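Student: Have a look at the structure that comes next, please.
The values are calculated or read from the model by the stated rules, or taken from the named source; none is laboratory data. Model, not experiment: these values are computed from the prediction. Here the Cβ positions follow ideal geometry from the backbone for every residue, glycine too, while neighbour counts run over all protein chains shown. With ligands, DNA and RNA removed, areas are computed over all heavy atoms of the protein, side chains included. Shrake-Rupley method; radii C 1.70, N 1.55, O 1.52, S 1.80 Å.
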Amino acid sequence: MTQTTASEPPHSAHRIGPIYLAPGVMPFHGWTFFYAGFVSIGLIVFITIGQTYILNEHLNIPIEEQGTLSGDLVFWTEVVALLLFIPAGILIDKIGRRPVYIAGFMLIAACYVLYPMAGSADDLFIYRIFYAMGIVAIAGALSTVLADYPAERSRGKLVAIIGMLNGLGIVIIGQMFGAFPDIFTSRGVSGTDAGLYTFLMVAALAAISAVIIGFGLKPGVPPTREPQPPVRELLVTGFAQARNPRILLSYGAAFIARGDQSINATFVVLWGTTVGIGMGMSSGEAVMQGTIIFIVTQVAALVSAPFLGPVIDRLNRVTALGVCMAIAAAGNLAMFFLVNPLATHAYAFFILMGIGQMAVFLGAQSLIGQEAPKPKRGSVLAAFNISGALGILLIVLIGGRLFDQIDPRAPFILVGLINFLLIFASLWVRIKAPGRTISQVELDRDTGLGPEDDPWIDPTHRPGGGT
């Protein structure tokens, strides 16, 4: 019998360029997922750019109250999300990734239709329920498909590509649609109608994306040697898997990583907008200036992804996460030294922060993608996303008040301190439970050999393992 080697995985017959795909995943599925990666986070994040315009132009909220209100909107969004991540993860494991993904885009579309029709800030809290449901579905499906599609030796590269496409989507969707209110008003359209037209265009993009996902993603759930766990087991499996220190570490990374883009969008755009209005700009122009510095952050993240991904594939996943946390800590803590976000030299600060944002995303997704057992992957990724939702909930709740009452830089410094603490957590896990090498994980998954020498692996994840 021919011996299988880690350098020649037997089932990685399909690939897209240098990206080897998992068994059963066709290039067409991969290309569709690339599109999904491009629009998913961009559509989620645009709400913070558009919301700033709604607060100023539609609702006339005083500038000194916008930080707290923005933080509270995100806080209650995450409260709803926390209640839904586990049910969504179970659905992802039971009915498949594709229908949940489609539902997420349609819910996001509904939110964008309703948002510019708000008559008061209270209405925004109601519309955020649709938004929260959409986030849960999109984030859960995106993370799970990202864990499903690559062969292990290409995991870091695919995560980097999706991270790069996330950033590109944020840049293009944010820049393009963020400019429309100013374009419409310059042509004589009223400020409120300009906001309405812009939000309806974003809603249309979300609905079109749902159709594309419906036709192009792989249906069903990935085949596995292990039987599908019952629903009751799936309810607790995500948190039960945290006995593996590497999964627990990835949950800690998700606390700061999953919502990093949304947090940066909330406070970067708001900071630039409030400074611009203070300088005498109109609402549309100030939002544009705030959007520009946010776009600079995302372009830096975008450009850094192709360099970070291959590096992550060459390192132990835990080591890679520690390095990524150090980069992110440097970027966020450096904001202490920035006074005017609209100054020319401020671009250097936002570039460094963008690189750190991308690094943490890639490091966290690569680690959880490697460690999450296939039959329970949706539920484990649900717990991963719950950790991220908790991070967003606490950071924006505290950060919004720090923004208004202390300093606009305070939310970023808070994030940087959390990054710094997770550097030491990564070092501890690297010493105590470093895990298997990437080539060993690839060999296990391709040959069916179980990692019996790793005491932290769930025994049901080993071929022939018991419960």
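Student: What length, rounded to one decimal in nm, is gained on full extension from residue 179 through to residue 311, with 0.36 nm per residue of separation minus their alpha-carbon distance?
Tutor: Details: separation 132, 0.36 × 132 = 47.52 nm, distance 3.58 nm.
Value of the extension gain: 43.9 nm.
Student: Okay, moving on. Using Cα-Cα distances under 8 Å and only pairs 6 or more residues apart, what relative contact order does segment 243-366 have, in percent? Walk me through the numbers before you get to the answer.
Tutor: Numbers: 138 pairs, mean separation 41.7, N = 124.
Reported as a whole number, the value is 34 percent.
Student: Which Rg and Dmax, in Å, describe the Cα atoms of segment 33-159?
Tutor: 16.2, 52
Student: Collect residues whose amide H, placed 1.01 Å from N in the peptide plane, falls under 5 Å from the amide H of residue 16; neighbours closer than 5 in sequence don't count.
Tutor: 21
Student: Further question: For segment 83-159, what is the accessible area per residue in Å², given a 1.4 Å probe and the full set of protein chains? Write down the numbers at each step before the final one.
Tutor: Values: 2240 Å² over 77 residues.
In whole numbers, segment 83-159 has 29 Å² accessible per residue.
Student: Here's a follow-up. If you count only protein heavy atoms with a 1.4 Å probe, what accessible area per residue comes out for segment 251-375, rounded to a whole Å²?
Tutor: Values: 3570 Å² over 125 residues.
Result: 29 Å² per residue.
Student: Taking R0 as 51 Å, what's the FRET efficiency between residue 421 and residue 64 from their Cβ-Cβ distance, rounded to 0.05?
Tutor: Values: r = 31 Å, r/R0 = 0.62.
That gives a FRET efficiency of 0.95.
Student: Would you please give the FRET efficiency between residue 15 and residue 405, computed as 1/(1 + (r/R0)^6) with r the Cβ-Cβ distance and R0 = 51 Å, to the nearest 0.05? Write down the numbers at each step before the final one.
Tutor: On the way: r = 52 Å, r/R0 = 1.03.
Between residue 15 and residue 405 the formula returns 0.45.
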